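The values are calculated or read from the model by the stated rules, or taken from the named source; none is laboratory data. These numbers come from a predicted model, not from an experiment. Methodologically, a virtual Cβ is constructed for each residue, glycine included, from the backbone with ideal geometry; neighbour enumeration extends over all protein chains shown.
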């Protein structure tokens, strides 16, 4: 016969509480208990046993299951704070154990144990609720090193790159790192991680999807560790916007910023910060389409004016074909007339070859 954990806990609880009730009865009775006191002792023993059978699972099995579920969902930092707080509580309980043990029975037996459990619980909860403040107190202040301007100009920190939020969400950085073109360490400032978390918690579905995508990509890149991804726990004083913090941090670290944000790239370059744009890299390695080249494309949509039809290359480049509005769903032959470069990519303009498919 298989004995369940719930049944075993009830039996143990029945025995423990029956013993406590028995000892409490003897402690409250005279040295030579009378018949009435013997009856009272027996009733206390039975009451303890019944209470143990009915309630043991409530304060043993169920709290244990809830605790396991709780510990599975918390971070390592919070778990360390809880353990450290419980140890501090046990230290105070140890100081109280000596005077509490001097109390008459049965209080001298059980109060030290009860106080230990209570103080350990209180310490764990206090440290868990205040883990950020306690972590800030435990951190040693970092000394600032002031170097001469001439030395700073000659000092370089090669092989480090700061990742912007847009580059992480874009996702192409993960594929670029796999090719080995980037050597060194990718730095993710903590405020960029906070911005991704805010996007992932947003009420807007599109913003939430972007934030979760960025966190997933970052997690995958950290696991692959080639090149290594390091989360930098630093903050930049004197700047409120994430873009401003990125520029200041890049100047301090003297390393480039990888971004897809065109405006951030322009501002960073004006302040002497090197910018690596994934859009520019994509354009550089994209198969060229030049004027006069003949192509065959499938017309997929209508354009804005002059009976234009819209098609796309395999890499997503938009092709605007003149006089192809009525040929949606058909494959046509066209000749490229010009290629227009925009901030987000290229647009190819073409015309039908003599109006023939």
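Annotations for the structure displayed:
- In the set 204, 233, only one residue is modelled with pLDDT under 85, surrounded by fewer than 18 Cβ atoms within 10 Å (Cβ to Cβ) and either over 24 Å from residue 279 (Cα atoms) or not assigned by TED's automatic domain parsing to the domain that holds residue 277 (or both); that residue is 233.
- Candidate set: the range 175-189, residues that are closer than 20 Å to residue 265 by Cα and surrounded by fewer than 20 Cβ atoms within 10 Å (Cβ to Cβ); chosen: the one nearest to the chain's Cα centre (by Cα): 176
- Restricting the range 326-348 to residues that are modelled with pLDDT of 85 or more and either outside any strand (DSSP E or B) or assigned by TED's automatic domain parsing to the domain that holds residue 262 (or both), the residue that is farthest from the chain's Cα centre (by Cα) is 327.
- Within the range 270-287, the set of residues being under 22 Å from residue 347 (Cα atoms), without any contact (Cβ under 8 Å) to a residue 24 or more places away in the chain and either part of a helix (DSSP H, G or I) or assigned by TED's automatic domain parsing to the domain that holds residue 344 (or both) comprises 280, 284, 285.
- Residue within the range 248-269 that is out of contact with any helix residue (DSSP H, G or I) (no Cβ under 7 Å at 6 or more places or on another chain), at pLDDT below 85, surrounded by fewer than 18 Cβ atoms within 10 Å (Cβ to Cβ) and closer than 24 Å to residue 344 by Cβ present: no
- Residues satisfying the stated conditions in the range 48-73, i.e. in contact (Cβ under 8 Å) with a residue 40 or more places away in the chain and not in a helix (DSSP H, G or I): 60
- Residue 210 at pLDDT 85 or above, closer than 30 Å to residue 314 by Cβ and part of a helix (DSSP H, G or I): yes
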